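Undergrad: Once you've had a glance at the structure underneath, I'll fire off some questions.
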Amino acid sequence: MEHLVQDTPENDDTGRAMTVEIHGVFRRHPWIDQVSADHDLDEDLFSLVVKRAAAYGWSSAFIGGLSDLAGARWGHADAGNDWSQDGRNRRLAWLTVHPTAGMARQHLPVLPMTRVMTDSLYRMGNVTFTALSAHVPLRLAPDTALDLRTDADWYALTSPAARTGITVTISADSEFPPAQVLTHTAQRSIGQLRIDQRELPTRTTETTFTASAPEWTPDAAAWVTDLVVNSPREAGVRGRAVITASGGRR
């Protein structure tokens, strides 16, 4: 399928781009090929996330130009998928965008990007979700402390039986104080993300920690990512960071 990649001045600034990836095992619906043929469809992740983002009102693109969508959260850059039917853990979906600048107090769109990808994946098949990875420009991340505190209430309404162990890795362009970042992350979660404490270096460019999360879903992984994004930003890191949340403790 031929794809439209938005050609805007923002796309020339690679420092503004962010990518979110979903990892797991994908099982295609057994009937999807037949209904695709019946309706003359040839859908992949790129085409589906464009449609889904427009439906939510977060972004829109169409052949021949760009739509004038007030309040758009991002401009599409690219997307892709690996839907191999071999039962192996793979990068099932990835989406690269240029977040809209100047939207006061708006999170970087980790959750919206995750949402359009999970919607698209489940439209085509079933997923065993294993990890979410976000490549983010921290300098574009605003202070979302109040939102993060209220977001924690959403995950407080989770069955206690759903609580699970996770592993999170933070890798940044510049050094950060890991103990301060982890303490800040835990505080913003209002006790919903219970981080395991251990001896940490004074400063580092990469750290991995384990924690107990209220649930293990793509939405919850996006929330954990938002918590972590806010913390190195508070510590003064302004470069790029890669944050990966994986199910289970390593």
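The values are calculated or read from the model by the stated rules, or taken from the named source; none is laboratory data. Keep in mind that this is a model prediction, so the values were computed, not measured. Note: areas computed on protein heavy atoms with side chains; ligands, DNA, RNA excluded. Shrake-Rupley method; radii C 1.70, N 1.55, O 1.52, S 1.80 Å.
Undergrad: In whole percent, and with a 1.4 Å probe on the protein chains, what portion of the accessible area of the range 31-169 is carbon and sulfur? Working shown, then result.
TA: Details: 3550 of 6780 Å².
For the range 31-169, the apolar C and S fraction of the accessible surface comes to 52 percent.
Undergrad: Would you mind calculating the gained length between E199 and W83 on full extension (0.36 nm times residue separation, minus the Cα-Cα distance), in nm to one decimal? Walk me through the intermediate numbers first.
TA: Details: separation 116, 0.36 × 116 = 41.76 nm, distance 3.98 nm.
Roughly 37.8 nm would be gained on extension.
Undergrad: Quick one: angle between helix 178-188 and the longest Cα principal axis of the chain, in degrees between 0 and 90, rounded to 10, please.
TA: 70 degrees
Undergrad: What are the extents of the Cα atoms of the range 125-207 along their three principal axes, in Å, largest first?
TA: Cα extents, longest axis first: 37, 32, 30 Å.
Undergrad: For H29, what accessible area in Å² do you get when you roll a 1.4 Å probe over the heavy atoms of the protein chains, rounding to the nearest 10?
TA: In the full protein context, H29 sits at about 30 Å².
Undergrad: Could I ask something else about it? Full extension from D42 to L157: what is 0.36 nm times the residue separation minus their Cα-Cα distance, to one decimal in nm? Numbers along the way, then the final one.
TA: Details: separation 115, 0.36 × 115 = 41.40 nm, distance 3.89 nm.
Extra length from D42 to L157 when fully extended: 37.5 nm.
Undergrad: Does anyone have the angle between helix 110-124 and the longest principal axis of the chain? Alpha-carbon axes, 0 to 90°, nearest 10?
TA: On a 0 to 90 degree scale, this one is about 40.
Undergrad: Just to confirm the number: angle between the C-alpha axis of helix 145-156 and the first principal axis of the chain, 0 to 90 degrees, nearest 10?
TA: Compared with the principal axis, the helix lies near 80 degrees.
Undergrad: Solvent-accessible area of V229, probe 1.4 Å, all protein chains present, reported in Å² to the nearest ten, please.
TA: Estimated to the nearest 10 Å², V229 gives 10 Å².
Undergrad: Right, here's the next one. Report the relative contact order of the chain, percent, no decimals, based on alpha-carbon pairs under 8 angstrom and at least 6 residues apart. Write out the running numbers ahead of the final one.
TA: Values: 502 pairs, mean separation 59.5, N = 250.
This gives 24 percent for the chain.
Undergrad: Just one of (1) 122; (2) 186; (3) 135 is volume of the Cα convex hull per residue in Å³ as worked out from the coordinates here. Which one is it?
TA: (3)
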